[in-house]
Amino acid sequence: MALARGRPAEIDWSLAHRRFVDERYLLYPAMAGVFLLLVVFILFPILQVIQRSVAGPEGVTLANYARYFTHPRIASTAWRSLWVSGLSTVLTVSLAFVFAYALTRTTIPGRGLLHTLALLPLVAPSLVQALALIFLFGRNGLITARLLGADVNIYGWHGIVISEVFYCFPHALIILYTTLSAVDTRLDEAAESLGASGWRTFWTVTVPSAKYGVMSASFLIFNLVITDFGNPKVIGGDYNVLATEIYNQVSGQQNLAMGSTVSVILMIPAVLAFILQYYFSRRNYALISGQARPFLRPTRRGAARAFGAFCWLVCAMILLVYATIITASFIKLWGYDFTPTLRHYRFEASDGWQVLWVSLKISVIGGIVGAIFSLLVAYIVEKKQPPGARLLYLRAVIPAAIPGMVLGLAYIFAFNRPGVVFYGTIWILVIANIVHYLALGVLAGIANMKQIDRSLEEASVSLGAGVLMTFRRVLFPLSRVAFVSSALYFFMTSMVTISAVIFLYAPDTKTAALSVLLLDDAGEAGEAAAMSTLIIAVILAVFLLVRLLLGRQGFKLIRG
Amino acid sequence: MSKDLILDRVSKHFGSLWAVHEVSLEVREGEFVCFLGPSGCGKTTLLRMVAGFETPSAGRILHDGRVINDLIPQKRNFGFVFQSYALFPNMTVFDNVAFGLRARRIARARIAPRVDELLDLVGLRHYRERYPAQLSGGEQQRIALARALATNPSVLLLDEPLSALDAKIRVYLRSEIKRLQRELGITMIYVTHDQEEALSLADRIVVMERGRVQQMGSAAEIYRRPRSSFVADFVGTSNFLDCRRDRAEGLVAFGDRLLRVAQPLPADGEQVSLAIRPEAVELLETPSELGGREPRNVLEGEVETVTLLGAVVRLAVLVGRELMLVDLTQREFDRRPARPGDRVALYLPPEGFMVYPGGRG
């Protein structure tokens, strides 16, 4: 054979004289850097909040907590928060479970479309639901005042609960859809073949096998609702919950100590719910990994009709919310003058287009930086596993438990001081968003890294590639799909978030989602609707653009 | 200076677990060595230390006269072939094979001819533009071989390369690997748990158990003279008889009878373990048909099962409470057929025994 050894002679096959970057020289500084960032931007600020809540003129005191619980109006916020969150959780998870069941276990037509429509609320800020409810059922509501002539007061806890159900529905649906599509339907068939009725099978087999998914979804929704600010602010009226009370104390009364106290009280159920959600989601994924989806038998006609009617009703309500917002943005004055107009898009009450531009900047930077950072953390934690990786992982995941309001307040304490150059710029908003949503990015990154077999990296280095070439040519291309979806996730959350940035914006760094809140507060409902419409349009446009640009390559990667 | 690879009392522990314990070995340039052993015996860990994926906890690894314990894998230029193929799924076959060449910053014009040369070598040039997922497992492993050989490695390390493949392709690729090794004269270290693979491929086999080398030698040596009962059991098939030492020279007690053994017994210990290969056991026409054989070594039993193993017929014969395996060639079997339930007489030649101290395991 012509493959003479050592030919061509001048090639340095052995790479004996090449200088390689020692992996440790990259890994340890990178890890130290990540650690430092997480300490500076998570640990330090949160400790500041706790410290402020117990600081008194003579050292540590619990006086603030005593004042909280003895002041009847403020003390009630904790119970109100628990009531609203508990009720919203039960309603959302029940509705989402039936919806997910219909999508995964029945053969009703149009399941793909239903699924897409049901996920729509993800692309809107958390106050759009409340805004739409007011348009429909408020004092000048289309349905209540105009059609029924009734005098219904939507403001209060029931308004909050309805808005939160709309807001949280897709989050619950994602978890339950994954759970129910993975749980083995052969168990159901086995139960039925043993003579159990459909109803009995549902309660004795289907529901128990999805229990971790249901628990996981429940605690996620509880955490989402109790930490939400947008909906209760808009539709709560004088029904104050913990998140809005923090805002009242900090922005309204400049009482930072009481703001910190309420923050700590809010953190307790929020962190607890997060830990439980995390625990159950791990058990859930341990249960559902890698099972085949067998063939579905056609659903009986009566059941199909009932499920179909339910699903289309839910989607119709979701569409109604969006249609209301969009319509309201194009008419003169909701409730009084329904003449079409583009007036609201001139944003006379606010510098709307500038605000949108700021939001876009923050979200694009946040998307890219967030995706890079979470990929880096996932790479270190999952692939390199240096000593301390576990701690790094915890640091990266914990902020998901911290309510956005608390994070924002913490950043005031930590960074509103001379010398902190990024305070008051868009960078503080970018950082707050990335930190707030880091956990999901990191978890998705780790899931991706787990799929890349260790031998690929070893093959690369044994062929003579250095750390950088291995990352650039092998690991990154194999992470591209995960990277893009992670970037889109950070982009989307940065576009719609309110709670994490409400304390941090400066006049020239106001974001679009914040602007919706402020416009609504100022009574400019039309412009608020116009801005909401723009946010939704921008997110959908970016999704479409990414799909067009990367879609084909992304799919090739998955297939190949 | 020849480019021998020397392992000098190499050990590796993970926490308190000793995966590899003081392994010493010299691999000569151009030699084909197999590490053979059950899973968890440390053979893969040893190979990964040679590749540079793991660092030895103690001992030295030398190549070309230099200690390479801490040399990064990139600078060793040892090819590595994985059980999982480990082809880069995001690259075409061409780009996979060219990967090592690009890492060496070889001029673009010289890459294509070299890649084609390697693809010809494994007979898959027409797959240049395909992606790994479009190939079968056997084809993927051939591409992985081409990729590992492209950078002209001085040693090729293979970690159970055929374990994930179907039996037929396994045998075919085995001969391909042997052909490549002969043609290129490259040193190969091949890890496997499949004794048939090791026996048919290797110049030298290193049998490992629980992190230690049990025996080293050619296939014939390992098979004919296993140095321990573990090797006798793991490589090939053996019948074991637990015996006691007898006062008389050259005799051991098996149950209530005495057997003659040609080999010298171990120096001490009351218990003696005899092993005999199934093909060394003879099937007699009648117990009286001795013809100069040692009368003590005839055992009677009842045929339990008859299994056709291709060229060989294997009988399982119940002798007392022990099941003895007897391999006959087709011709022998035709001459003296046996059916389950038949009473038969077995002859265990004194020189057919392998002798080990103590009871087994």
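Any read-out appearing in this document is the output of simple, stated calculations on the displayed coordinates, not a laboratory observation. Here the structure is a predicted model, which is why all the values come from computation and not from measurement. We place every Cβ from the backbone using ideal geometry, glycine too, and count neighbours over all the protein chains shown.
The table below gives the values:
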| quantity | calculated |
| --- | --- |
| Ratio Rg/Rh, restricted to segment A:467-544 and using Cα atoms, in which Rh is the Kirkwood radius | 1.19 |
| Kirkwood-Stokes translational diffusion coefficient of segment A:370-411, alpha-carbon pairs, 20 °C, 1.002 mPa s, µm²/s | 188 µm²/s |
| Local electrostatic count, B:Leu119, Cβ distance below 13 Å [Lys/Arg +1, Asp/Glu -1] | 0 |
| Inverse of mean 1/r across different Cα pairs in segment A:424-473, Kirkwood, Å | 13.4 Å |
| Formal net charge of residues neighbouring B:Asp246 (Cβ-Cβ distance under 15 Å; K, R +1; D, E -1) | 0 |
| Inter-label distance for B:Ala311 and B:Asp4, nm, one decimal - labels placed 7 Å from Cα along Cα-to-Cβ | 3.5 nm |
| Among beta bridges that DSSP assigns inside the protein assembly as shown, antiparallel share in %, nearest 5 | 80 percent |
| Cut-off under 5 Å, modelled amide H: who pairs with B:Arg212 long-range | B:His21 |
| Measure of compaction for chain A (Cα Rg per 2.2 N^0.38 Å) | 1.06 |
| Calculated log₁₀ intensity ratio I(q)/I(0) where the Debye formula runs over C-alpha points of segment A:203-333, q = 0.09, 0.10 Å⁻¹ | -0.51, -0.62 |
| Interchain or long-range residues, amide H under 5 Å from B:Val155's placed H | B:Gly79 |
| Chain B: calculated mean residue ellipticity at 222 nm from DSSP helix runs of at least 4, using -39500 (n - 2.57) | -7500 deg cm²/dmol |
| Shielding by partners - mean other protein chain Cβ count within 10 Å, residues of B:96-103 | 5 |
| Net charge dipole size for the protein assembly as shown [Lys, Arg +1 and Asp, Glu -1 on Cβ; Debye, nearest 20] | 1520 debye |
| Interchain or long-range residues, amide H under 5 Å from B:Glu300's placed H | B:Leu346 |
| Dipole magnitude of chain B, debye to nearest 20 (Cβ charges: Lys/Arg +1, Asp/Glu -1, about Cα centre) | 1420 debye |
| Ranked A:Ser193, A:Ser263, A:Ser455, criterion: other C-beta atoms within 10 Å, fewest first | A:Ser193, A:Ser455, A:Ser263 |
| Rg over Rh, two decimals, segment A:61-101 (C-alpha only, Kirkwood Rh) | 1.34 |
| Segment A:74-168, relative contact order [Cα under 8 Å, separation at least 6], % | 33 percent |
| Of all DSSP beta bridges in segment B:5-232, antiparallel share, percent nearest 5 | 50 percent |
| Where Rh is the Kirkwood radius over Cα pairs, Rg/Rh for segment B:237-357 | 0.97 |
| Phi to ³J(HN,Hα) by Karplus 6.51 cos²θ - 1.76 cosθ + 1.60 over segment A:158-174, Hz, x for Gly, Pro | 5, x, 4, 4, 4, 4, 5, 4, 4, 5, 8, 3, x, 5, 5, 4, 4 |
| Ranked packing of B:262-268, A:497-503, B:183-189, most packed first, by mean Cβ within 10 Å | A:497-503, B:183-189, B:262-268 |
| Length-normalised contact order of chain B in % [C-alpha pairs under 8 Å, at least 6 apart] | 16 percent |
| Trypsin sites (Lys or Arg not before Pro) within segment A:114-223: DSSP coil, no more than 14 neighbouring Cβ in 10 Å | A:Arg139 |
| Options B:Ala107, B:Gly255, B:Ile61, ranked by Cα towards positive dipole end of chain B, top entry (Cβ charges) | B:Ala107 |
| Dipole-positive endmost among A:Val369, A:Val381, A:Phe347 within segment A:338-404 (Cβ charges, Cα centre) | A:Val381 |
| Sorted by Cβ neighbour density within 10 Å, fewest at the top, the residues A:Ser53, A:Ser197, A:Ser532, B:Ser11 | A:Ser197, B:Ser11, A:Ser53, A:Ser532 |
| Around A:Phe471: net Lys/Arg minus Asp/Glu count, Cβ-Cβ under 13 Å | +3 |
| For segment B:5-232, alpha-carbon Rg over 2.2 N^0.38 Å | 1.02 |
| Size of charge dipole - segment B:237-357 - debye, nearest 20, with Cβ of Lys, Arg +1 and Asp, Glu -1, no other charges | 60 debye |
| Within chain B, longest stretch clear of exposed trypsin sites (Lys or Arg not before Pro) (DSSP loop, no more than 12 other Cβ within 10 Å) | B:106-246 |
| Under-21-angstrom lysine pairs by C-alpha in chain B, whenever the two are 8 or more apart or on separate chains | 5 |
| Crossing angle, helix B:93-103 versus chain B [Cα axis fit, 0-90 degrees, rounded to tens] | 70 degrees |
| Contact order normalised by residue count of chain A, Cα under 8 Å, 6+ apart, percent | 20 percent |
| Inverse of mean 1/r across different Cα pairs in segment A:372-473, Kirkwood, Å | 15.7 Å |
| Lys/Arg +1, Asp/Glu -1 at C-beta; chain A dipole; positive extreme among A:Ser494, A:Tyr393, A:Leu26 | A:Leu26 |
| Rounded to 10°, Cα long-axis angle of helix B:108-121 versus longest principal axis of chain B | 20 degrees |
